[in-house]
Amino acid sequence: MAWAKIDHNDLLEEYPNLKDYLPYLDELNNESPRGKVLISTGYLEQVLKEILCAYLIEDKVVEDLFEGGNAPLGTSSARAKLAYTLGLISAEEFHDIDLIRKIRNDFAHDMKASFKVQVIKNRCKLLKHKVPDHPDRPSSGEGQFATAATGLLLNLVNRAAYVSEKRRSYGKWKR
């Protein structure tokens, strides 16, 4: 599935928050199906980290939650669950993040994985951010995945800026 080339300068002038999203779209155009899955989920993990970091107190210890061998928020699953339970992503967004994570695991751990494998096709059909099928032209699993991943990321790419307005700070607790 190829995406049309986008004139970045015009769009970035009006929407500066898309500075990381537009190169992601360009990279997606040049990738195999497996590459599309891995790039999308890698970017999604990064966006979830940015959202959570924008919400948590400003302190150097926050980075330790995400990086390192035993980082409690080192996985996309942990990041998504925390973002959801803190109300930083919606139930529908969480649903798709979880499915995308499962699709990523299929591709990462099975050399024969493809969008033609029934379990992956079934997961792609369940994605909520995908473009609905047209009765005359049903979408392929790859098309469903690509539209869901790009749509979900477009929803989330500027979320950290909004979340930062409600950044946590240390409270003054009664003794």
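Taken together, the values in this text are just the output of simple stated rules run on the coordinates, not laboratory data. Everything numeric here is computed off the predicted structure, so don't read it as measured data. Glycine also receives a Cβ, built like all others from the backbone with ideal geometry; neighbour counts cover every protein chain displayed.
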**Item:** For the chain: relative contact order, % (alpha-carbon pairs under 8 angstrom, 6 or more apart)
**Value:** 28
**Asked** Going down the list LYS128/LYS172; LYS36/LYS81; LYS19/LYS166; LYS19/LYS112; LYS19/LYS116, which pairs span over 30 Å between their C-alpha atoms?
**Response** LYS128/LYS172; LYS19/LYS112; LYS19/LYS116
**Message:** Classify region 1-83 from the C-alpha gyration tensor, please: rounded if a/c falls under 1.5, else prolate or oblate depending on whether a/b exceeds b/c.
**Reply:** oblate
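Would you compute, from DSSP H runs of 4+ residues alone, the mean residue ellipticity of the chain at 222 nm, taking -39500 (n - 2.57) per run and dividing by the full residue count, rounded to the nearest 500?
It lands at -18500 deg cm²/dmol.
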**Cβ-derived FRET efficiency at R0 45 Å, ASP110 paired with ILE57, nearest 0.05** = 0.65
**Request:** Please go through region 45-126 and write out the GluC sites (Glu not before Pro) that DSSP classes as loop and that have at most 15 other C-beta atoms within 10 Å.
**Result:** GLU58, GLU67
**Prompt:** How high is the FRET efficiency from GLU14 to SER90, r the C-beta distance, R0 30 Å, rounded to 0.05?
**Reply:** 0.70
**Request:** Restrict the search to region 74-135; then list the trypsin sites (Lys or Arg not before Pro) that DSSP places in a loop and that have at most 16 other Cβ atoms within 10 Å of their Cβ.
**Result:** LYS112, LYS116, LYS128
**Item:** Phi-based couplings in Hz for region 70-78 (Karplus 6.51, -1.76, 1.60; Gly and Pro marked x)
**Value:** 10, 5, x, 10, x, 10, 5, 4, 5
**Complete:** Largest fluctuation, HIS95, HIS109, HIS129 only, Gaussian network model of the chain with Cα springs under 10 angstrom, belongs to HIS109
**Asked** Hey, could you pull the Cα Rg and Dmax for the chain, both in Å?
**Response** 17.6, 67
**Fill in**
With Cα springs under 10 Å, the Gaussian network model of the chain assigns the largest mean-square fluctuation among ILE97, ILE39, ILE57 to ILE57
**LYS166 paired with LYS121, simple spin-label distance in nm, labels 7 Å along Cα-to-beta-carbon** = 4.1
**Fill in**
At R0 = 30 Å the Cβ-Cβ FRET efficiency linking SER140 and GLU67, nearest 0.05, sits at 0.25
**Prompt:** Where the centroid of each part is defined by its Cα atoms, how far is region 113-175 from region 1-71 in Å?
**Reply:** 13
